[in-house]
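Following: one structure in structure tokens, then a few remarks.
Just so you know, all these numbers are worked out from the coordinates, no wet-lab data involved. Fair warning: this is a prediction, and the values are worked out from it, not measured in the lab. Don't worry about glycine lacking a Cβ; one is built from the backbone with ideal geometry, like all the others, and counts go over all protein chains shown.
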Amino acid sequence: MFIILILLQILIFNNINIGVLGITPLFYVLFILMLPFETPGWLLLLLSFLMGTTIDVFRDTPGLNSAATVFMGFARPWILNMIAPRDGYENGMRPYLMDMGMSWFLYYSISLVFIHHFVYFLLDEFGLSHFMRNFGQIILTTLCTEFFVIISQYISFRK
């Protein structure tokens, strides 16, 4: 999945440019979203760093994707704890839309994609001088990325 998402991001999604703000879906975050619940924290951060660094190499954005993806990986356990079912997560279960339900998945994925994009655009602008324009770009890019994440769930993660 790591290699497939990198290829999709580089060959397809990097070439999508929507609207005046230049919205480009950052679909590679699906890799972190779909890791199993019991992924150890150190491995989650390492995989986040590897994914972000690989994308940085191909997008010529030194450290930008790495930082945002590692922060997303860091926030993932907290988000999972906040939305955990009463009985907890079953072993071997993955955070798929078909397994967890639409409302759970939307809260989970939108939260993490928003966190990723917030850090990404904050570091890209390196400040809050154009906050309203950046916030619009964060929201629109989050919605665009989320659209493709949901579509991917229906295409490839069916029961």
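Contact order for the chain, expressed relative to its length and based on alpha carbon pairs under 8 Å spaced 6+ residues apart, stands at 26 percent. Residues W42, W104, W78, arranged from fewest to most other Cβ atoms within 10 angstrom of their Cβ, appear as W42, W78, W104. The slack between I150 and W104, meaning 0.36 nm per residue of separation minus the straight C-alpha distance, is 15.3 nm. So what's the gap between the Cα centers of segment 40-62 and segment 82-113, to the nearest angstrom? So the two Cα centres are separated by 23 Å. When the helices of the chain are scored as -39500 (n - 2.57) per DSSP H run of n ≥ 4 and the total is divided over every residue, the value at 222 nm lands at -22000 deg cm²/dmol. Taking the empirical scaling 2.2 N^0.38 Å for compact globular proteins as reference, the chain has a Cα radius of gyration ratio of 1.00. For a label point 7 angstrom out from the Cα of V57 toward its Cβ, which stretches of segment 1-30 have the backbone nitrogen within less than 16 Å? Label zone hits: 2-11.
Kindly state, to the nearest 0.05, the FRET efficiency for N15 paired with L43, given R0 = 30 Å and r defined as their beta-carbon distance.
So the FRET efficiency works out to roughly 0.45.
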